[in-house]
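In what follows, a single structure is set out as structure tokens and then discussed.
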Amino acid sequence: MTIIIDDAGSGDLLFGVVIGAYRSETQEFRYGVVSVKYFQSARFLRKDYLKQASKTVFQLLDILHFKKHEPIMICKGYIFDRAVKDLQKKYGDSPIDRIKVTGESQRLTEIAYLDEIRNLGYEPLKEREEKRAKSFFHMLRWLKENPDMIKYAKTGWPRLSKYRLFRRSARKF
């Protein structure tokens, strides 16, 4: 059996990152979240989100009752670099492949992320994947209209300091 691991939300302004694990043969799907706090302030600069992503991957493998001989296909995204090293250290090189995740695993992980940001009260753009910049500014406008929700924004990105909304709130994180 094969486990496919993907992420959603790592490039978005809102929420943390959803990490999904999908066992293709049984269509079993589980996900975990790397909290937004790891994308804010000093934690972001220390890249603590990489350690948390690795922990989340191992938790999901436990939930899916991963067996050492099973192949793991894991997204090529940077957020998984530490997880891959940790997996190789524990299981060796053979069962781990870096891939561009598509299909059902990607779809389910994306749905989980969209559900999480909807739980904040934010309604994402339908074409958000095709129009990243438009999605960013849509989220930014939503935060300006809902400043109490800035605690759910990835404020650690240095380029955000050019936006007044983040200069004011930078002290809070």
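The values are calculated or read from the model by the stated rules, or taken from the named source; none is laboratory data. As the structure is a prediction and not an experimental result, all values here were calculated from the model. When we count neighbours, we look across all protein chains shown, and the Cβ atoms used for this are built from the backbone with ideal geometry, even at glycine.
Let me confirm something: among Arg159, Arg171, Arg128, which residue is at pLDDT below 90, among the charged types (D, E, K, R) and either in contact with a helix residue (DSSP H, G or I) (Cβ under 8 Å, 6 or more places away or on another chain) or outside any helix (DSSP H, G or I) (or both)?
Of Arg159, Arg171, Arg128, the one residue that is at pLDDT below 90, among the charged types (D, E, K, R) and either in contact with a helix residue (DSSP H, G or I) (Cβ under 8 Å, 6 or more places away or on another chain) or outside any helix (DSSP H, G or I) (or both) is Arg128.
Across the range 16-49, which residue is surrounded by the most Cβ atoms within 10 Å (Cβ to Cβ) among those that are free of Cβ contacts under 8 Å to residues at least 60 places away in the same chain and of a type in the set (S, T, N, Q)?
Ser35
Got a sec? Which of Gln59, Gln52 is buried (at least 18 other Cβ atoms within 10 Å of the Cβ) and not β-branched (Val, Ile, Thr)?
Gln52
Which pairs do you get when a residue that is among the β-branched types (Val, Ile, Thr), found in the range 154-167, comes within reach of a residue that is part of a helix (DSSP H, G or I), reach meaning Cβ atoms under 6 angstrom, with the pair 6+ apart or on two chains?
Matching pairs, first to second residue: Thr155/Phe166.
How many residues are under 9 Å from the mean Cα position of the chain (by Cα) and assigned to a strand (DSSP E or B) if we restrict to the range 1-31?
Residues meeting the conditions: 7.
Filtering the range 62-78 down to residues that are touching a residue at least 60 places away in the same chain (Cβ under 8 Å) and under 12 Å from Ile5 (Cα atoms), which residue is surrounded by the most Cβ atoms within 10 Å (Cβ to Cβ)?
Ranking the qualifying residues of the range 62-78, first place goes to Cys75.
Give me the residue from the range 130-153 that is closer than 10 Å to Leu13 by Cα and touching a residue at least 24 places away in the same chain (Cβ under 8 Å) and, out of that set, surrounded by the fewest Cβ atoms within 10 Å (Cβ to Cβ).
Phe136
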